[in-house]
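Enquirer: What follows is a single structure, and I will ask about it in a moment.
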Amino acid sequence: MHPITRREFVKRTALAGALLTPIPAILEACSTGTPSSTKTTKLTIAAVQGAEDGPLKKVAPMYQSQTGITMEVVEFPYDQLFEKLVTTFQANGSSYDLCMMDDPWMPKFGTMGALQPLDSNFGFTRDSDIPSIVYDVGTWPPPRGPVPPSEQGKSPHLYGITIVGNVEMFMYRKDLATTPPASWNDVLANAQKFNKSNFYGYVIRGKATNPASSDSLPILWSFGGDIFDANWKVMLDSTESIDAITFLTQTLKKYAEPGAENTDAADRDRLIAIGQAFQSTTWPAEVTGVVEAQGVSQVIGKMAYIPIPKGPGGKGLGMMGNWLLGIPKGSKNGSAAADFIKWLIKTDNMKTYVQNGGIPTRTSLLNDPALGQNNPYFPALAQSLAAQPNWRPRTDQWNAVETVYGTAVNQAVAGLKTPKDALTAAATQIRAAMKQAGYPS
Amino acid sequence: MANLPARTAAQAVRRAGRRRLSRDERLGYLILLPALGAVFAIVTIPFVLVIAQSISTDDGTIVGLRNYSRALANPLLYEAIRATGIYTLIVLPIEFVLGLSFAVLVHRTVRRPGLRAAIYVLAILPLVVPQVAIGVVARLAYAPSYGVLNVILERLGVIHQEINWLGDPTLAMLAVASVDVWQWTPFVYLVLFSGLQTVPRESVEAAQIDGANWWAQFRYIDLHYLRPLFILIVFFRLADVLRVFDHVFILTGGGPGTTTQLLSLYMYRVEFKFFDTAQAAALAVMVLVSFSLLYALIARVLPLERA
């Protein structure tokens, strides 16, 4: 064999590297992008890291053993998952065959046209055992309530199926108060009654942006306030809205924990779990993950879970926080991904999913006494779903709106601004943002 | 004819300029090509794209400087600039003074190589810990009701009521700044300590023979050798301050209100919460230009050369 010099070797290597580097990109570009006719061997799920995807990870191997399809769950923290999905969808990437989506993300993904319709493409139909609101929240454009201007006239399709039936509820110490608070006035009365040194009458989850927004919206709605009316007019500076936020950030705050403006869900759960607080709003994952978790909580069996108490108008409105599974438009395994969703929501499989910590959407499972023993919040969740909880405004601008609104509530909790000043400024900012986005604010 | 030699020389220069590259030179360029290509792909192309995005809408329509005027009209930008300015004014002087003090102290008092190596390792540690981890630990220290700091202060009898570290605007800013000081003071120390190692022993001994006290030695000898490193530290730390994100996001999320919403957090929200790519691109270009000008100014004020 003819020997070569070191210089020649370096030269040839450099040339070979330069020639071979673009080959994968060229091969990728030459691919058709249409669904592959070959049998699917692997499904990749983009999931949110935490209590929400834990049960999914536990049941995925079952599907794998039944079908031979490898299930890969790629986890991201909440914020990163959203950003990752948006950038993947913008590039029409095929990295994920299924994606977990928080329900307020649906307008963004729906408007982007990022998902494959489950009804027309894969034959999904509504199941009477699953509340209609659960299907509504996965439908785009929304079948009720205001529709974004750019989406008006489009026919609604189902793009997501709920796999975590989250609805915001209320929890209180039933070992201390014998009757559940029916209204926010009762909540206030209990807060006054039970508040003492190192035991807080109420816990406010007031950290800026999403936490403050999620914590305050059920109160805002229960007081008759809202962020938008039915025609996208901003009504955050209405009397009802200001009254609601004043009630939370001034009246109820007198009996709340110190540092409420920096309290997030983990801090709230800790206070409740170590027996230092009487009541608060809560999400199912907080109940199973901390408040009723063996070896973690000191208040197991001492808490009661009820739907959101009623406001002055006699209505109590919980907030949906469903996590859905959808199929990205870029996925080349849409049919196999749809089969997995259908498998997961079958009653028996959903029961196994619940036994592994999942939060169901099937009424029969929520009302199953055997399952309810380990999940004391199931009856409250069933009632909340049946009462048609509110969803966050169905606009692709929701992230911006939530950031502005959640910052304003945080300012009010921190006492940096009065509730009126904070909400008025937020309303002005949201009006400008919505106008910029083509809404009639 | 008098012009002939000059013309011939010029032609010779041009010929030399056009001469064929040697094998070695061609090989050199060939080897450089992937690196230059990578720089072009990951720096130049994104920069051009950002500029293009900053003057257009999402659908690609060119709108001139409208995105810039929108960005400048947003009051939150000025709140973020103010917060970043306050943060910088807190962290940079403290890190500078502490880092310099430690460097001089160790340089003058610690002679054992083993001890110096141990201090070196201790100083490296904060720099290699992920910012997210530091943020989480800091939250455990400052958090309301269970924060370690309040517990320690209460047990020591320094305070009788919990301090709301993360809820009060001033304290929240100090809390996020303290994390920066903890992490980056060692960097300043390491750079300045290495600078002190370069001070010639003869100069110090000569000054001591002349009766110079420690302050005079520091002021007229050490400081002279450290000056170029000051600009290096200012450059690095300013760039870092502009990128501060993780620990602020975890500790306060920019709150209370927007009092700790630094420029990086604000830009993140414009891009990933508001999804206003055009405005975010305009902000990015403005920040880049502003800091380039600032760096040029600093370079002029603090001369790089010692002489």
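Enquirer: For residue B:265, state whether it is under 17 Å from residue A:82 (Cβ atoms) and in a helix (DSSP H, G or I). Can you show your working first?
Expert: Numbers: under 17 Å from residue A:82 (Cβ atoms): yes; in a helix (DSSP H, G or I): yes.
The answer is yes for residue B:265.
Enquirer: Which of the residues belonging to segment A:349-387 are of a type in the set (A, V, I, L, M, F, W, C) and touching a helix residue (DSSP H, G or I) at 6+ places or on another chain (Cβ under 7 Å)?
Expert: A:350, A:354, A:359, A:365, A:366, A:371, A:378, A:381, A:382, A:385
Enquirer: Taking the criterion of being within 14 Å of chain B (Cβ to nearest Cβ) and touching a Phe, Trp or Tyr at 6+ places or on another chain (Cβ under 8 Å), would at least one residue in segment A:415-426 satisfy it?
Expert: yes
Enquirer: Please determine whether any residue of segment B:158-175 is assigned to a helix (DSSP H, G or I), modelled with pLDDT under 95, exposed (fewer than 15 other Cβ atoms within 10 Å of the Cβ) and more than 14 Å from chain A (Cβ to nearest Cβ).
Expert: no
Enquirer: A further question on this structure: Quick test of your reading of the structure: residue B:209 fulfils all but one of (1) away from chain A (no Cβ under 14 Å); (2) at pLDDT 95 or above. Name the failing condition by number.
Expert: Result: residue B:209 passes all but (2).
Enquirer: Another question, then. Are any residues in segment A:409-436 within 18 Å of residue A:247 (Cβ to Cβ), assigned to a helix (DSSP H, G or I) and among the hydroxyl-bearing types (Ser, Thr, Tyr), and if so, which ones?
Expert: A:424
Enquirer: Which one of these does residue B:97 not meet: (1) assigned to a loop (DSSP other than H, G, I, E, B); (2) more than 14 Å from chain A (Cβ to nearest Cβ)?
Expert: Single failed check for residue B:97: (1).
Enquirer: Does any residue of segment A:377-395 turn out to be over 26 Å from residue A:315 (Cα atoms) and under 22 Å from the mean Cα position of the chain (by Cα)?
Expert: Of segment A:377-395, the ones over 26 Å from residue A:315 (Cα atoms) are none.
For segment A:377-395, residues over 26 Å from residue A:315 (Cα atoms) and under 22 Å from the mean Cα position of the chain (by Cα): absent.
Enquirer: Name the single residue, out of those in segment A:343-358 being at pLDDT 95 or above and not in a helix (DSSP H, G or I), that is nearest to residue A:54 (Cα to Cα).
Expert: Per the criteria, the residue is A:345.
Enquirer: Within segment B:258-273, track down each residue that is crowded, with 20+ Cβ neighbours inside 10 Å and facing chain A (nearest Cβ under 10 Å). Before you say what the answer is, go through the steps one by one.
Expert: Taking segment B:258-273 first, the residues crowded, with 20+ Cβ neighbours inside 10 Å are B:258-263, B:265-267, B:269-270, B:273.
Those that are crowded, with 20+ Cβ neighbours inside 10 Å and facing chain A (nearest Cβ under 10 Å): B:258, B:259, B:260, B:261, B:269, B:270, B:273.
Enquirer: Report yes if some residue within segment B:294-305 is without any contact (Cβ under 8 Å) to a residue 12 or more places away in the chain, within 17 Å of the chain's Cα centre (by Cα) and more than 14 Å from chain A (Cβ to nearest Cβ); otherwise report no.
Expert: Yes, segment B:294-305 contains at least one residue that is without any contact (Cβ under 8 Å) to a residue 12 or more places away in the chain, within 17 Å of the chain's Cα centre (by Cα) and more than 14 Å from chain A (Cβ to nearest Cβ).
Enquirer: Hey, another quick one. Need the failing condition index for residue A:96 against (1) within 30 Å of residue B:274 (Cβ to Cβ); (2) at pLDDT 95 or above; (3) not in a loop (DSSP other than H, G, I, E, B), just the number.
Expert: Single failed check for residue A:96: (3).
Enquirer: Could you give me the residue pairs with C-beta distances under 6 Å whose first residue belongs to segment B:263-288 and is of a type outside the set (Gly, Ala, Ser), whose second residue is at pLDDT below 90 and not in a helix (DSSP H, G or I) wherever it lies, and which are 6+ apart or on separate chains?
Expert: From residues that are of a type outside the set (Gly, Ala, Ser), the pairs are B:270/B:276.
Enquirer: Conditions first: (1) touching a Leu at 6+ places or on another chain (Cβ under 7 Å); (2) within 16 Å of residue A:244 (Cα to Cα). Residue A:406 passes all but one, so which condition is the exception?
Expert: Only one criterion is unmet by residue A:406, namely (1).
Enquirer: Moving on to the next point. Give the residue, chosen from B:94, B:90, B:62, B:86, that is modelled with pLDDT of 90 or more, hydrophobic (A, V, I, L, M, F, W, C) and more than 23 Å from the chain's Cα centre (by Cα). Don't jump to the end; show me each part of the working.
Expert: Values: B:94 fails: more than 23 Å from the chain's Cα centre (by Cα); B:90 fails: more than 23 Å from the chain's Cα centre (by Cα); B:86 fails: more than 23 Å from the chain's Cα centre (by Cα).
Within the list B:94, B:90, B:62, B:86, the selection yields B:62.
Enquirer: Another question, then. I need the full set of residues from segment A:401-441 which are farther than 18 Å from residue A:107 by Cβ, surrounded by fewer than 24 Cβ atoms within 10 Å (Cβ to Cβ) and under 25 Å from the mean Cα position of the chain (by Cα), in order please. Break it down stepwise before answering.
Expert: Of the residues in segment A:401-441, the ones farther than 18 Å from residue A:107 by Cβ are A:407-429, A:431-432.
If we keep only those that are surrounded by fewer than 24 Cβ atoms within 10 Å (Cβ to Cβ) too, we end up with A:415-421, A:424-425, A:427-429, A:431-432.
A:427, A:429, A:431, listed by residue number.
Enquirer: Something else: For segment A:242-296: of the residues being in a strand (DSSP E or B) and not hydrophobic (A, V, I, L, M, F, W, C), which is nearest to the other protein chains (Cβ to nearest Cβ)?
Expert: Of all residues in segment A:242-296, those in a strand (DSSP E or B) come to A:256, A:277, A:279-282.
Cutting the leftovers down to not hydrophobic (A, V, I, L, M, F, W, C) gives us A:279-282.
Details: A:279: 16, A:280: 14, A:281: 18, A:282: 18 Å.
Only one residue tops the list, namely A:280.
Enquirer: Might you let me know whether segment A:255-273 holds any residue that is polar (S, T, N, Q) and touching a strand residue (DSSP E or B) at 6+ places or on another chain (Cβ under 8 Å)? Give the derivation first.
Expert: In the first step, residues of segment A:255-273 are kept if they are polar (S, T, N, Q); the result is A:262-263.
Okay, now just the ones that are also touching a strand residue (DSSP E or B) at 6+ places or on another chain (Cβ under 8 Å), so none.
Looking through segment A:255-273, none of the residues is polar (S, T, N, Q) and touching a strand residue (DSSP E or B) at 6+ places or on another chain (Cβ under 8 Å).
Enquirer: State whether one or more residues within segment B:119-138 are over 26 Å from the mean Cα position of the chain (by Cα), within 14 Å of another protein chain (Cβ to nearest Cβ), among the small types (Gly, Ala, Ser) and surrounded by 12 or more Cβ atoms within 10 Å (Cβ to Cβ). Working first, answer last.
Expert: Start the filter on segment B:119-138 by keeping residues that are over 26 Å from the mean Cα position of the chain (by Cα), which leaves none.
Scanning segment B:119-138 turns up no residue that is over 26 Å from the mean Cα position of the chain (by Cα), within 14 Å of another protein chain (Cβ to nearest Cβ), among the small types (Gly, Ala, Ser) and surrounded by 12 or more Cβ atoms within 10 Å (Cβ to Cβ).
Enquirer: Another question, then. Can residue A:299 be described as modelled with pLDDT under 95 and either more than 14 Å from chain B (Cβ to nearest Cβ) or crowded, with 19+ Cβ neighbours inside 10 Å (or both)?
Expert: Working: modelled with pLDDT under 95: no; either more than 14 Å from chain B (Cβ to nearest Cβ) or crowded, with 19+ Cβ neighbours inside 10 Å (or both): yes.
Taking the combined requirement at face value, the residue does not satisfy it.
Enquirer: Exactly one condition in (1) among the hydroxyl-bearing types (Ser, Thr, Tyr); (2) crowded, with 19+ Cβ neighbours inside 10 Å; (3) within 14 Å of chain B (Cβ to nearest Cβ) is not met by residue A:222; state its number.
Expert: Of the numbered conditions (1) among the hydroxyl-bearing types (Ser, Thr, Tyr); (2) crowded, with 19+ Cβ neighbours inside 10 Å; (3) within 14 Å of chain B (Cβ to nearest Cβ), the odd one out for residue A:222 is (3).
Enquirer: Among residues belonging to segment B:139-157 that are assigned to a loop (DSSP other than H, G, I, E, B) and more than 28 Å from residue B:102 (Cβ to Cβ), point out the one that is farthest from the other protein chains (Cβ to nearest Cβ). Before the answer, list the steps.
Expert: So the first thing to find is which residues in segment B:139-157 are assigned to a loop (DSSP other than H, G, I, E, B), and the list is B:143-147, B:156-157.
Going one step further and asking which of them are more than 28 Å from residue B:102 (Cβ to Cβ), we end up with B:143-146, B:157.
Numbers: B:143: 7, B:144: 2, B:145: 6, B:146: 7, B:157: 18 Å.
Among them, the one singled out is B:157.
Enquirer: So residue A:313 clears everything in (1) touching a Lys or Arg at 6+ places or on another chain (Cβ under 8 Å); (2) under 30 Å from residue A:107 (Cβ atoms); (3) surrounded by fewer than 23 Cβ atoms within 10 Å (Cβ to Cβ) except one condition, right? Which one?
Expert: Of everything listed in (1) touching a Lys or Arg at 6+ places or on another chain (Cβ under 8 Å); (2) under 30 Å from residue A:107 (Cβ atoms); (3) surrounded by fewer than 23 Cβ atoms within 10 Å (Cβ to Cβ), residue A:313 misses just condition (1).
Enquirer: If you don't mind, another one. Given the condition surrounded by 14 or more Cβ atoms within 10 Å (Cβ to Cβ), under 18 Å from the mean Cα position of the chain (by Cα) and not polar (S, T, N, Q), answer yes or no: does some residue in segment B:208-222 qualify?
Expert: No: zero hits.
Enquirer: Do you know which of the residues in segment A:175-219 that are acidic (Asp, Glu) and surrounded by 15 or more Cβ atoms within 10 Å (Cβ to Cβ) is nearest to the chain's Cα centre (by Cα)? Explain how you work it out, then say what you get.
Expert: Taking segment A:175-219 first, the residues acidic (Asp, Glu) are A:175, A:186, A:215.
Restricting the remaining residues to those that are surrounded by 15 or more Cβ atoms within 10 Å (Cβ to Cβ) gives A:186, A:215.
Values: A:186: 28, A:215: 13 Å.
This residue is A:215.
Enquirer: Right, another one. Without any contact (Cβ under 8 Å) to a residue 24 or more places away in the chain and either within 14 Å of chain B (Cβ to nearest Cβ) or within 19 Å of residue A:285 (Cβ to Cβ) (or both): is that true of residue A:412 in this structure?
Expert: Details: without any contact (Cβ under 8 Å) to a residue 24 or more places away in the chain: no; either within 14 Å of chain B (Cβ to nearest Cβ) or within 19 Å of residue A:285 (Cβ to Cβ) (or both): yes.
So residue A:412 does not fit the description; no.
Enquirer: Hey, another quick one. Does residue A:337 satisfy the condition of being surrounded by fewer than 17 Cβ atoms within 10 Å (Cβ to Cβ), within 30 Å of residue A:148 (Cβ to Cβ) and away from chain B (no Cβ under 14 Å)? Outline the logic, then answer.
Expert: Numbers: surrounded by fewer than 17 Cβ atoms within 10 Å (Cβ to Cβ): no; within 30 Å of residue A:148 (Cβ to Cβ): yes; away from chain B (no Cβ under 14 Å): yes.
Criteria not met by residue A:337.
The values are calculated or read from the model by the stated rules, or taken from the named source; none is laboratory data. Just so you know, these numbers come straight off a predicted model, no measurement behind them. A quick note on method: Cβ atoms are made from the backbone with ideal geometry, for glycine too, and the neighbour counts reach across all protein chains shown.
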